[in-house]
Each structure stands twice: as structure tokens, then as C-alpha cells.
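Each remark here refers to the structure printed beneath this line.
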């Protein structure tokens, strides 16, 4: 018999040892994306984990160097596709920062509504997936009805649902319709009920608590050292939130709390996300009130949906494109990216669905960025993953991954 | 020459009964899959199967046909004999248990011939159930081990240790019951639970052994590998576990065996704790009807209704609770259920000694 050939690089002396090497992924139902973890397990206990990054690397940063600014927005959709509107708006705000555009208050509030809605959608997915991975499949279908209604709002505002490509530099592509406001109001009556039901099913469920408490913990110090942000850092006990630390988009006018955990385990991450959803509901309420107050005070504000200074960066309305030659030419130039940006170097970050989403942009004044770097929180979480699951059980490893909310698209970019 | 001495009528009767029960349990298992999907759909605000036939009633047939048509794949590196033996053993043990379930009361024909609605009334019925159920885990173990897949192996290890751990409290909880009944024959256990009310108390064992019932029920969940104890096949960790490498009807056998087990376990639970085919006011009904065949049918119907309620209960729990982690499962079995079962046994023994000890 010939020697067996090993095309896969195995750990040192892995054929002689008493432990098992287990490939968790790249296509495993619990990884929710394309991740590979080569685990070294002793029975069910995880001794060592080697994550592989880059399975779906699509060279977004490099592609972005050849794309005019508007064509980069769809790339940001595909980072964290559970909350694409936040990515889109973060990118638009980065360009606004570069161009020095100041957005009107109404645009800020509308953006906040959309961003908080997508934060809720993101957290709903993450938390219900923890449920799925612990075996409680039913909660998942319950909250997906809420997520569906959030997507209907996106559909009403921009026409698409998952990868939204929502908004433009300086604001939105068109004004919010009456229907979208009706849908948001309707959603606000349903969300608290749905969240309450979700909490009743899981929060104090003895089996769920036993599964999640103490699973995949990380200390505040380690989390900070790794560069954690977002709910995963807050679950470890650090109250860092970009919306408060360096407010953008008029977040400073809003009154909300930052839920913070203590142990940084799966249960804390779950509770922090749960708390953030309630805060988001309250932020949306406040934003709607502010929009209404603004429209009452200045009736002409009703038609403001983008910054006038961004005119040279904003697509003309469709009816103008079809009837006026200048608009058509301008539309063409916009789409083909024949508009030059100012030279400069900016960094802008927003509080994304699962952490600080940052855009580091260097422009040399041309039609495309000279260099664009996405700060993707998942990239950082995934590096801490082996440390977090070490000495835990296989089941812990799986719920830790889902509670970190690592999204393959964002991890590999 | 021994065979010739056997009463031919008896033989035919038993063969008929076996055929009916075999196909009956297969049919019920088939529709249990449909029921499970419908229950899940109702609980999750979905529609469930509704394309094949009215209310999707032909869905199980379509599924079965699909499984038969699928390509049969036996992994190259598997132990082929054991790989094939696994699902067969699972199916065999699942079907064997139904032999001792008393489906209805004896039915006396006009000719004076007594028909027993039970394939075999063995006097060690309960032990037989335990024996067969313990064998059931071999199917899973062999299948998972022979697949030569790490996930399957993990799953069969889980399954084996789970089955061993949960048979103990299950057995101990039954000892308490058996001390009361004084017999191991399921037929006699059912007859003791006649009607609903006797001697100023409920006659069903559930009311006499509530703690024993809860322990037995919990262990049944574990023995059936159903949520919250579905660790061997938890889809999110071990991607379907022991039957990961199986395809075609061998996979079908595993899935099917699971539902037959669900049906038979419910039948055993009903027999032991909820009076089997007995129902309230059965004596009045029997005298009022004055037709033994109709009465027997009503009894069978009562039994089936109870069994279906039990199956539904199993399903509701499955779609509500998350699953345990492996160490927690072991902890629950060894540190909670066994002591509880022992306490239950002691209490029962003390009560029998003090109050029912008639020399």
C-alpha cells in the first residue's frame, strides 16, 4: 500500500496524537458565511483554533481605487450586508467630509431613522441566530417578520432591500414618500411588541441562559487590546459608542443610553444587542418628532432631502434627465464618474451594526480615491475568536461565532 | 411437528394483527413527519407543506418517493457492512417495540373466541421495552462510526453517552411505578388503570406517580433524541450528526425510525401513565352500547387520541426550547434526574409500606 498523501497541511504530528483535528467550515451551517476554523479538539473541548481569513476576499479596497465615488457605494453594501444602509451612509458622510458639505438637519434626522432601523435589523438577525444555534428555531421566524417590515421601509425609500445602495452624497436620491412615514410609524407600534415577545422567549429561558452565560468570554482589557468596538466591546464593559464619542449626523441632539455588559460572554453580547434595539426604537421616535417639529416650523423644509452644496455631486431628478439636455449631460457625467473630488485625506467612522465602520480615504483630486481603506470591525473580532473559544466546548465555539456577529463579507472585504 | 399443533386461527390472527400494526405505525410515522412540519409551521407563523395534495397531505408520499429515487452513496472510506447495518438496526428496533403495546381491550366474538389486541403479552413487557430501546442506540452508533466522518463520530459518541445516562433515571423512575403495579406486563398495567376513577382516587398512574412521570418523560425526550436533547443530530453544530454521510433511503430509514420511535414511545408513555385505552365512564359506555366490537373500536380510538396528543406535546416542546450543551445534559441526567428518581422510589416504597401493606 502506498503512503497516504496529505494535501492539507496538518498540525504537527497530528496523525500520532490523541486529539482530533476538525474542520469547522468553510461550509458549515453554523458559520453563517464562509469561514474556516481548523479546531484541535479533545473530545468536545477545543484546545486550539486556527482561523483562516480571506475565503471570499474580493479586493474591495483595490477595486475602489478604480471606481468613481458613486460606484463605491454598492461595494459598501456588500461589507456587512445585514446593515448596508449604515455602510452606505458612512461612505457618503466620508465624501461629504472630504468635500466639506454640511447636510441640512432634516437629512440628518432621516438618515438617523434609516440607520437605526438597519441597526435593529442587524441586531435582530444576530440575536435570533444565537437562538438558532442554541436550537430555538422559532424565535428566528418571529423576528424575521419584523425584519421584513424594516426592509419594506428601505424598499419604499430607495427601491431595494438587502443591498440597499441607499442615499447620495449630501442626502437622499429622492424625498421620503408619505407611505414610508406611514410604514415607519406602523413599524414603531409593532417593534416593541415583537421585541417583548422575543425577550420573553429567550432572555430568562433557563436552557438558553445556561448555554450562553460564560460562553466565549473576553475581558475588557483584551477586547480593547484587540481593537473591539460596538456591541462586542460594550458587552465586555467599555461604554464606547461612536455615536456618543464623536457624534456625526446630529446624534448629539438625541437622548439615548448605551447598554453595557460585564463579562463579555455570549449572554452579555445578546443582552447588549437587545438593549440597543430598544434604544434604537426610542431614537427613531425622537427623530420622527424632530422631523415633524422641523416641518411645522419651516414648511418648506418638507422638500429638503439633500444638501444644496452637494448639487454638483447629486444626480438630477429623473424627469429632468428625460426632458432637459443639461440634466442629461450632467447625469451621464455623474454616472461615468467624470466629477473630480477635492484632494485630501479624511477618516470618518460610524457606529455600524456590529462595531465602528470606518472609511479612510485619500483623494489626489481625481475621479477616484487614491486609496480607500475600510475599517471592518469583523476583521478584528475574528482574530480574537481563537482566544475566546479556547478551552470551551464545541457548542460554545459555535454560539460565540454567531454572537460576535462576524459577517463573511465584512471580514474578508 | 410442534408447529402443526399451533392453533391456525391464532396464527392467522396474530399475523393479521402484526401486519396492521406494522403498517399502522409506518403510516402514523409518515404522517407524523407531515404533522411535525405543520406544527412547526403553525408555531412559526408559516404555512408548512401545502403543495402536494389538500393541506399537503401527500407530502410524506412525495418525500418517500424522492428518497427512493435519490442516488445511493456509500463513502469510499466507510466500513461498508456497518454503514448499511446502522439504519437497518435503527428501523428494526424502532418497529420491534410496538409488539407489546396493548392497543385495545380483549374483544370477545360471538363465537366465544377471544381476540387480543396485543401482539405479544410477555410477562416482562417493561423489560422488553428497555432492552429494545437500548439496542436502538446501536443503529446510531454504528452508522455514525462506520461513516468515517468526524462530525458523525462526535454525534454517535454523544448519542451513546446520552442513551446510557438517561436509561438509568428512566429505569429507576419506572421501578417506583412497578412497585405499585406489582407486574411487568403492560397488559396488566393497563387493566389496573381501568376507567378513570376507582376507590376514591384517579386510577391512571399519572396521578399516582406524577414525579415519576416527569422523570420518565424527560428521559423519553433524551432517548428519542428530540429537542431539547437533540444533541446527536443538532444541525447547527454537527450538521445533522450521525446521518451526515447517508443518502437515499438509508437516510430515510434513520429519519423514519425517529418518527416510529416517537409514535411508539408515546404509546408506551400513554400505556404506562395515562391508562392506555381506558377512558372515563368506559363501563357505562360498554353497557350502553352493548356491542363489543364497537366498544373495542372506541377504546382503540381513545388510545390513539391520547397518543396523538402526546406526539403533539413532543412536537410543541421541540419547536419551543433551545437545546442543552453536552456537559449540561450529563449534569442534568446524573446530578438531578437520578437522585430525583431515587427519592421518588423511596417515597413510593415508604407509602406502600405504611398505607398499603396488607398482610
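Since every read-out is calculated from the coordinates, none of them should be taken as a lab result. Note that the coordinates shown come from a computational prediction; the quantities given were computed from them, not determined experimentally. Methodologically, a virtual Cβ is constructed for each residue, glycine included, from the backbone with ideal geometry; neighbour enumeration extends over all protein chains shown.
Shielding by partners for A:134-143, please: the mean number of other protein chain Cβ atoms within 10 Å of each residue's Cβ. Walk me through the numbers on the way to the answer.
Values: counts 9, 14, 7, 10, 9, 3, 1, 7, 3, 0.
Across A:134-143, the average partner-chain Cβ count within 10 Å equals 6.
Helical runs assigned H by DSSP (4 residues or longer) give chain B a calculated mean residue ellipticity at 222 nm of -21500 deg cm²/dmol, each run adding -39500 (n - 2.57) before division by the residue total. Remark: mean inter-chain Cβ contacts per residue of A:205-214 equal 3, using a 10 Å Cβ-Cβ cutoff to other protein chain atoms. The angle separating the long axis of helix B:338-355 from the principal Cα axis of greatest extent in chain B is about 0 degrees.
List the relative contact order of segment B:244-359 as a percent without decimals, with contacts defined as Cα pairs under 8 Å and 6+ residues apart. Before the final figure, lay out the partial values.
Details: 30 pairs, mean separation 27.0, N = 116.
That works out to 23 percent.
Distance between the 7 Å Cα→Cβ label points at residue B:121 and residue A:174: 8.0 nm. The percentage of C-alpha pairs in segment A:22-411 whose separation is greater than 40 Å is 16%. Relative protection proxy for A:382-393, A:178-189, from highest mean packing down: A:382-393, A:178-189 (other beta-carbon atoms within 10 angstrom). Take each residue of peptide B:323-333, count the partner chain Cβ atoms within 10 Å of its Cβ, and average: the result is 4. Scaled against 2.2 N^0.38 Å for its residue count N, the alpha carbon radius of gyration of chain B is 1.04.
Among A:308, A:377, A:317, the largest mean-square fluctuation in a Gaussian network model of chain A, built with springs joining Cα atoms closer than 10 Å, belongs to A:317.
Sorting the segments A:327-338, B:166-177 by their mean number of nearby beta carbons within 10 angstrom, highest to lowest, gives B:166-177, A:327-338.
Please find the FRET efficiency linking residue B:76 to residue A:20, where r is the Cβ-Cβ separation and R0 is fixed at 22 Å, and quote it to the nearest 0.05. So, using R0 = 22 Å, E works out to roughly 0.60.
Exposure proxy ranking for A:91, B:145, B:204, based on other Cβ atoms within 10 angstrom of each Cβ and starting from the fewest, stands as B:145, B:204, A:91.
For a paramagnetic label modelled on residue A:383 (point 7 Å from Cα along Cα→Cβ), amide N atoms under 15 Å away belong, within segment A:30-72, to A:51-54. Our note on the geometry: Cα centres of segment A:263-322 and segment B:310-354, 52 Å apart.
Relative contact order of segment A:237-315: 22 percent, from C-alpha pairs under 8 Å at least 6 residues apart in sequence. With neighbour counts taken as other beta-carbon atoms within 10 Å, the residues B:161, B:291 rank, fewest first, as B:291, B:161.
Give me D for segment A:300-344 in µm² s⁻¹, whole number, from Stokes-Einstein with Rh from the Kirkwood sum over alpha-carbon pairs, 37 °C and 0.692 mPa s.
280
Here the residues B:329, B:289, B:154, ranked from fewest to most Cβ neighbours within 10 Å of their Cβ, fall in the order B:289, B:329, B:154. The spacing between segment B:156-230 and segment A:89-104, judged by their C-alpha centroids, is 68 Å.
Here each label is just a point 7 Å from Cα along the line to Cβ, and for residue A:362 and residue B:130 those points are 7.6 nm apart.
Could you grab the relative contact order for chain A? Cα pairs under 8 Å, six or more apart, rounded to a whole percent.
26
Relative to the longest principal axis of the Cα atoms of chain A, the long axis of helix A:138-158 lies at roughly 20 degrees. Just how far, in whole angstrom, is segment A:32-56 from segment B:22-44 if you go by their alpha carbon centroids? Cα centroid of segment B:22-44 versus Cα centroid of segment A:32-56: 37 Å apart.
Computed from the C-beta positions of residue B:301 and residue B:20, the FRET efficiency with R₀ = 22 Å rounds to 0.90. How far apart, in nanometres, would the label points at residue B:194 and residue B:46 be if each is projected 7 angstrom from Cα along the Cα-to-Cβ direction? For residue B:194 paired with residue B:46, the spin-label model returns 4.9 nm. Normalised by 2.2 N^0.38 Å, with N the number of residues, the alpha-carbon radius of gyration of the protein assembly as shown equals 1.17. No solvent, one uniform scatterer per C-alpha: report log10 I(q)/I(0) for segment B:240-359 via the Debye equation at q = 0.13, 0.16 1/Å, two decimals. Scattering profile of segment B:240-359, log10 relative to I(0): -0.89, -1.08.
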